[in-house]
Amino acid sequence: MKLSKEEIQFIDNYLIKNEVKYWDVRLELLDHIVSAVEDKIVNNGISFNEALLEVHRGFGNQFIEFGVAKSDVFEKGLYQSNIGFKKFIRQKQKEVGRKYRKITWKHLKIKFTNIQFLIEYIAFVLLFISIYKFSPKSSFLIGLLVLILPNIYSVYYFFKDKSARKSLSFSMATGSAMFLWSMYNLSFYILKESYESVANIPYIIFVLVTCLFYPLVSVNIEVYRKVYKENKKIYNLKFYK
Amino acid sequence: MSNSKLYKGSLNTIILQLLNQHDKMYGYEITQKVKALTKGELNITEGALYPALHKLEAEGLLDVEVAKVDNRLRKYYKLTETGTKETVNKLEELAEYIRTMQALVNPKLA
């Protein structure tokens, strides 16, 4: 027996209420749950609600009914126990994060063996130092802009394609761009102890930080492009809410 | 995964081998296939299957593809080239493990 469009929509809403907000996680869970519910209705002869409750538990969502009738369970509080789904998302985040770290590291290694990039890097450093000599404040502002480039990319994709929103893959790629940003903030934080105020910190330090992180900025943008391309290839559409 | 903890260490090999025998499979299909092949002896739970699939995907051993099936999207897993090579290694490892255990548990058969 195949579930109707409405029943599938009901399960999708149930997942949203269970805080499975990423569509690229939800689509896999939805297919699994629908398949399992269909199977249980046919082979175990149970109702839709009973089947969904069994599958809900199967994911490790411990639900205690407290004497509530199964038909009322969906109204009263099935959504309160989503520990299994939370674990599912956490584990997926962990693996995607591991995958991106691997890609970042691989790209970084390639960059440092690529003559073209090394020339680009040297040119960037020289240009940046020249700007610093000409106008230290400008070099600080340009440096800031360079370091937030991956974040600008993340915002760009957010507006360009709605499938990039509420996507675990993109959220993790943004996370690695935020890591870069937090490293920059960390340098502020460490240095502000040695100086009276942030304004007194010599600009040269930020120039050095920018030069140091430039390869990582470049790799981060590459990772973004790769994630976007991969998602485009796999899902091949702009489709989800 | 229910049944025995002994199966736990072999879960990746089981998934890789199943995908080696089938062009592509989706999550629920894998659980049902294992259940059928083992006549209900081995029951892979969702909590064990998906982390393993996502890990194998992150390691580059599996590739994914999405298709629309019955009013919903279905995510299929298939082996990459590296995955196919790794399956051979994992199966050899498993065979070696079985031989070693056989020698320990039942020396006459080893």
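As an equivalent ellipsoid, chain B spans semi-axes of 28, 17, 11 angstrom, where each value is the square root of five times an eigenvalue of the C-alpha gyration tensor, largest first. Averaging Cα coordinates gives a centre for the range A:78-147 and one for the range B:68-110; these two points are 36 Å apart. Placing +1 on the Cβ of every Lys and Arg and -1 on the Cβ of every Asp and Glu, with no other charges, gives chain B a dipole of roughly 360 debye about its Cα centre. For the residue pairs B:35/B:108; A:232/B:75; A:229/B:68, the alpha carbons lie more than 24 Å apart in B:35/B:108. Against the empirical 2.2 N^0.38 Å (N residues), the range A:92-235 has a Cα radius of gyration ratio of 1.15.
If the chain linking residue B:68 and residue B:6 were pulled fully straight, counting 0.36 nm for each residue of separation and taking away their Cα-Cα distance, it would gain 18.7 nm. Each stretch of four or more DSSP H residues adds -39500 (n - 2.57); spread over every residue of chain A, this sum gives -26000 deg cm²/dmol at 222 nm. The tail of the calculated P(r) for the protein assembly as shown beyond 35 Å holds 40 percent of all Cα-Cα pairs. If R0 is 35 Å, the Cβ-Cβ spacing of residue A:112 and residue A:166 corresponds to a FRET efficiency of close to 0.50.
With the simple spin-label model, which puts each label point 7 Å out from Cα in the Cβ direction, the residue B:94 to residue A:212 separation comes to 4.8 nm. The GNM of chain B, with springs linking C-alpha atoms under 10 angstrom apart, assigns the highest mean-square fluctuation among B:20, B:43, B:71 to B:71. Tell me, in nm to one decimal, what length is gained between residue A:141 and residue A:229 on full extension, where the rule is 0.36 nm per residue of separation less the Cα-Cα distance? So the extension gain works out to 28.6 nm.
Rule-based calculations on the coordinates, nothing more; no lab input. Note that the coordinates shown come from a computational prediction; the quantities given were computed from them, not determined experimentally. Don't worry about glycine lacking a Cβ; one is built from the backbone with ideal geometry, like all the others, and counts go over all protein chains shown.
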